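We did not get these values from a lab; they are worked out from the coordinates using the rules stated. From a predicted model like this one, the values you see are computed outputs, not experimental measurements. Every residue, glycine as well, gets a Cβ built from its backbone with ideal geometry; the counts of neighbours run over all protein chains shown.
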Amino acid sequence: MFFLLSKILVIFIRPLCWSVGLLIWAFVTKLPERRRKLILISLLILFLSSNKVLVNEITQAWEMEPQKEVNIPETAVILGGYAEFDAHRNRVQMSDAADRLYSVVNLYQQKKIKRIILSGGSSSVTGRTKPEADYVLPILKSYGIPDSVIIKESKSRNTYENALNTAKLLKDKHIDGSVLLVTSSFHMRRARGTFAKAGIAVVPYPVHFISDYGRGYFLPDFFIPSSEALFRCDAIVKEWVGYMAYAITGKL
């Protein structure tokens with residue numbers, strides 16, 4: 001039930017949906033004063049959620065920065081959400097979060113880790129899509145990583161299930177000590193808290209930064225809407241709501 005509700009909630013929390021919804025309300029209402037207020041609020045939401053400077057500063061404040069000195073554990077856990085299978089083209093499509101996978105490949109090639117837990121099932125509501133770990137596994141192997149190094153976990157549909165299923169795997173395979181938790185920087189706060197709640201000691205390894213640390217703003221960035229900023233805002237708002245939902249339901 002929690003999984004289904006979370007999927008439905010995502011549709012309604014996006015700033016653009018709020019802006020469009022308020023505009024529709026404005027056009028159907030018969031009260032001129034209410035119409036004016038609704039339009040103004042709608043435009044304000046659209047401006048704030050697509051403002052490059054504001055969204056970047058908020059995103060940068062939320063993202064977890066990597067630690068300067070990290071004692072990397074032998075086991076790395078990669079959380080899914082960076083690839084999907086394109087059945088029409090019969091190929092795996094990697095998203096901009098693919099750094100989750102490639103950073104672990106790099107760590108293995110540098111001999112900094114000895115074991116990889118590939119955690120990611122199907123996030124489809126119908127459950128008809130192939131688990132993410134199933135079609136990402138051959139990609140890992142194509143980099144020369146042997147089967148003996150990879151542990152596939154393909155049942156998890158969200159962060160909470162990632163943590164529970166990983167905890168069970170670690171126990172079943174008698175893997176002790178902390179694990180290197182690899183996920184997107186804006187997702188790390190929720191992931192770290194959820195894994196800790198599941199009794200797993202983690203070393204955070206945030207990757208895939210969506211904020212621009214160098215800033216480098218130009219004058220138009222303060223006023224002209226940005227589609228990139230709107231995308232970032234969607235990601236951050238979704239993560240905030242997810243964090244609060246996990247906190248309220250005791251998942252972190």
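Extension gain for GLU57-PHE222 works out to 58.2 nm (0.36 nm per residue, less the C-alpha to C-alpha distance).
If you line up the long axis of helix 15-28 against the longest principal axis of the chain, both from Cα atoms, how many degrees apart are they, to the nearest 10? It works out to around 30 degrees.
Charge dipole of the range 79-191 (Cα centre as origin; +1 on each Lys and Arg Cβ, -1 on each Asp and Glu Cβ, all else neutral): 180 debye, rounded to the nearest 20.
Computed 3J(HN,Hα) for the range 177-192, one whole-Hz value per residue from the Karplus formula 6.51 cos²θ - 1.76 cosθ + 1.60 where θ = phi - 60°, is x, 7, 10, 8, 8, 10, 7, 5, 4, 6, 9, 5, 4, 5, 5, 4, glycine and proline marked x. Over the chain, DSSP H runs of length four or greater, each weighted -39,500 (n - 2.57), average out per residue to a 222 nm ellipticity of -15500 deg cm²/dmol.
FRET efficiency for the pair SER142 and GLN93, taken as 1/(1 + (r/R0)^6) with r the Cβ-Cβ distance and R0 = 22 Å, rounds to 0.90. Computed from phi, the 3J(HN,Hα) profile of the range 50-61 under the Karplus parametrisation 6.51, -1.76, 1.60 (θ = phi - 60°) reads 10, 7, 4, 5, 4, 5, 5, 5, 5, 4, 5, 5 Hz, with x in place of Gly and Pro. Report, by chain and number, residues whose modeled amide H sits under 5 Å from the one on VAL203, excluding near sequence neighbours (fewer than 5 apart, same chain). Amide H neighbours of VAL203: VAL179, LEU180, LEU181. Look at TYR217, TYR205, TYR246 and count the other Cβ atoms within 10 Å of each Cβ; fewest to most, that gives TYR217, TYR246, TYR205. Between helix 227-248 and the chain, what is the angle of the helix's C-alpha long axis to the longest principal axis, kept within 0 to 90° and rounded to the nearest 10? With both axes taken from Cα atoms, the answer is about 70 degrees. Under a 5 Å amide H cut-off, with hydrogens placed 1.01 Å from N, ALA83 pairs with SER95 among residues at least 5 apart or on other chains.
Taking amide H as placed 1.01 Å from N in the peptide plane, SER122 has its amide H under 5 Å from the amide H of GLU132, each at least 5 places away in sequence or on another chain. Pairwise inverse Cα distances across the chain, averaged and inverted, put the Kirkwood hydrodynamic radius at 19.9 Å. Just the projected area, averaged over all directions, of the convex hull on the alpha carbon atoms of the range 75-207: how many nm²? That works out to 7.8 nm², a quarter of the Cα hull's surface. Relative to the longest principal axis of the Cα atoms of the chain, the long axis of helix 99-109 makes an angle of roughly 20 degrees.
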